[in-house]
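S.K.: I am attaching a structure below and will ask some questions about it afterwards.
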Amino acid sequence: MPTSVEVSLVNYKHSVDAQAVVALLNAYASEPAGGAEPLAPEVKERLVSEMAARPHLFSVLAWVGDGEARQAVGLINCVEGFSTFMARTLINIHDVVVSASHRQRGIAQAMFHFVEREAGRRGACKLTLEVLAGNTSARRLYEKQGFAPYALDPAWGEAMMWQKKI
C-alpha cells in the first residue's frame with residue numbers, strides 16, 4: 001500500500017529544502033548504485049547554491065509525515081535540455097533517490113508523476129534518464145513509468161550514454 005506522500009518543487013533558497021537535497025543526494029552517492037562515495041565536503045557546501053544559479057535545473061522532493069515528523073524521503077533532480085530533432089525542450093532526469101527506509105511505497109512513482117506534469121507544463125517533448133545496467137530494481141521502476149531503451153534505426157543499435165571527465 002502506497003505511503004501518503006507530498007511531492008513539491010524544491011525552493012533552493014529555502015533552508016529546509018536545501019538541507020534535504022544535500023542529505024538525500026549524499027545518501028544516494030554513498031550507495032553502490034551512486035558510486036559508493038559520499039559527496040565531498042566542498043560539493044555539499046556549494047551544491048544547492050550552484051543549482052539555484054542555473055534556471056534550467058529543477059528538483060522535486062517527496063515528503064512524508066506531518067509537523068515535527070515530516071521528513072524528506074525522495075528526490076529527483078532534473079536538467080532541461082533541447083531536442084534538436086523536435087525543436088523543443090526535453091527534461092533529463094539526472095538523479096532519482098528514495099531513502100532506503102521508504103522504498104517500495106510508491107514514492108518514486110509519485111515523484112515521476114510530478115516530474116512528468118512539470119515537464120508538460122514546460123513544453124517538453126520527452127523525458128530522458130540513464131541507468132546502470134546492473135541496477136535491475138531501478139530498471140524495473142523506469143520501465144513501469146514508460147521508459148525504454150531507444151534506437152533511431154534498429155540497424156544502428158540502441159543509444160548508449162558515454163562520458164569523458166574533464
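S.K.: Would you list the strands (runs of 3 or more DSSP E) that sit entirely within region 49-129 and hold 2 or more residues that are among the polar types (S, T, N, Q)?
M.R.: Answer list for region 49-129: 71-83, 88-98.
S.K.: Related question: For the structure I just gave you, tell me whether Val115 is within 17 Å of Leu141 (Cα to Cα), modelled with pLDDT of 95 or more and touching a strand residue (DSSP E or B) at 6+ places or on another chain (Cβ under 9 Å).
M.R.: Numbers: within 17 Å of Leu141 (Cα to Cα): yes; modelled with pLDDT of 95 or more: yes; touching a strand residue (DSSP E or B) at 6+ places or on another chain (Cβ under 9 Å): yes.
The answer is yes for Val115.
S.K.: If you don't mind, another one. Just checking, which of Gly74, Gly67 is closer than 25 Å to Val16 by Cβ and at pLDDT below 95?
M.R.: Exactly one of Gly74, Gly67 is closer than 25 Å to Val16 by Cβ and at pLDDT below 95, namely Gly67.
S.K.: With surrounded by fewer than 18 Cβ atoms within 10 Å (Cβ to Cβ) and closer than 16 Å to Val96 by Cβ as the only criterion, which of Ser59, Ser4, Ser49, Ser30 stands out?
M.R.: Details: Ser59 fails: surrounded by fewer than 18 Cβ atoms within 10 Å (Cβ to Cβ); Ser4 fails: closer than 16 Å to Val96 by Cβ; Ser49 fails: closer than 16 Å to Val96 by Cβ.
Exactly one residue qualifies, and that residue is Ser30.
Yes or no, residue by residue, for (1) crowded, with 18+ Cβ neighbours inside 10 Å; (2) of a type in the set (A, V, I, L, M); (3) within 24 Å of Ala18 (Cα to Cα):
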{"position": "Arg54", "(1), (2), (3)": "no, no, yes"}
{"position": "Arg88", "(1), (2), (3)": "no, no, no"}
{"position": "Glu116", "(1), (2), (3)": "no, no, yes"}
{"position": "Lys126", "(1), (2), (3)": "no, no, no"}
{"position": "Leu152", "(1), (2), (3)": "no, yes, no"}
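S.K.: Moving to a separate point now. The conditions are (1) of a type in the set (D, E, K, R); (2) more than 30 Å from Ala133 (Cβ to Cβ); (3) surrounded by fewer than 13 Cβ atoms within 10 Å (Cβ to Cβ), and Glu37 fails exactly one of them. Which is it?
M.R.: Of (1) of a type in the set (D, E, K, R); (2) more than 30 Å from Ala133 (Cβ to Cβ); (3) surrounded by fewer than 13 Cβ atoms within 10 Å (Cβ to Cβ), only one is false for Glu37: (2).
S.K.: Does at least one position in region 149-162 carry a residue that is within 28 Å of Ser30 (Cα to Cα), among the hydrophobic types (A, V, I, L, M, F, W, C) and not in a loop (DSSP other than H, G, I, E, B)?
M.R.: Among the residues of region 149-162, not one is within 28 Å of Ser30 (Cα to Cα), among the hydrophobic types (A, V, I, L, M, F, W, C) and not in a loop (DSSP other than H, G, I, E, B), which makes the answer no.
S.K.: Go through region 99-109 and count every residue that is farther than 23 Å from Ser30 by Cβ and over 12 Å from the mean Cα position of the chain (by Cα).
M.R.: Restricting attention to region 99-109, the residues satisfying the condition of being farther than 23 Å from Ser30 by Cβ are 106, 109.
Then drop every residue that is not over 12 Å from the mean Cα position of the chain (by Cα), which leaves 106.
Within region 99-109, residues that are farther than 23 Å from Ser30 by Cβ and over 12 Å from the mean Cα position of the chain (by Cα) number 1.
S.K.: On to the next question. Could you list, in sequence order, the residues of region 91-140 that are hydroxyl-bearing (Ser, Thr, Tyr) and free of Cβ contacts under 8 Å to residues at least 60 places away in the same chain?
M.R.: Ser101, Thr128, Thr136, Ser137
S.K.: Name the pairs whose Cβ atoms lie under 8 Å apart, with the first residue in region 20-35 and on the phi > 0 side of the Ramachandran plot, the second in a helix (DSSP H, G or I) and surrounded by 17 or more Cβ atoms within 10 Å (Cβ to Cβ), and 6 or more positions between them or separate chains?
M.R.: Every condition considered, the pairs that remain are Gly35/Ala29.
S.K.: Of all residues in region 1-28, count the ones that are in contact with an Asp or Glu (Cβ under 6 Å, 6 or more places away or on another chain) and in a helix (DSSP H, G or I).
M.R.: Here the count works out to 0.
S.K.: Count, please, the residues in region 118-162 that happen to be among the hydroxyl-bearing types (Ser, Thr, Tyr) and closer than 20 Å to Leu57 by Cα. Spell out how you get there, then give the answer.
M.R.: Keep residues of region 118-162 that are among the hydroxyl-bearing types (Ser, Thr, Tyr), which gives 128, 136-137, 142, 150.
Okay, now just the ones that are also closer than 20 Å to Leu57 by Cα, so 128.
Result for region 118-162: 1.
S.K.: Among the residues of region 65-79 satisfying the criterion of being surrounded by fewer than 19 Cβ atoms within 10 Å (Cβ to Cβ) and among the hydrophobic types (A, V, I, L, M, F, W, C), which is nearest to Ala100 (Cα to Cα)?
M.R.: In this case the residue turns out to be Ala69.
The values are calculated or read from the model by the stated rules, or taken from the named source; none is laboratory data. Quick caveat, the model's predicted, so the values are computed rather than measured. Every residue, glycine among them, receives a Cβ derived from its backbone with ideal geometry; neighbour counts consider all protein chains shown.
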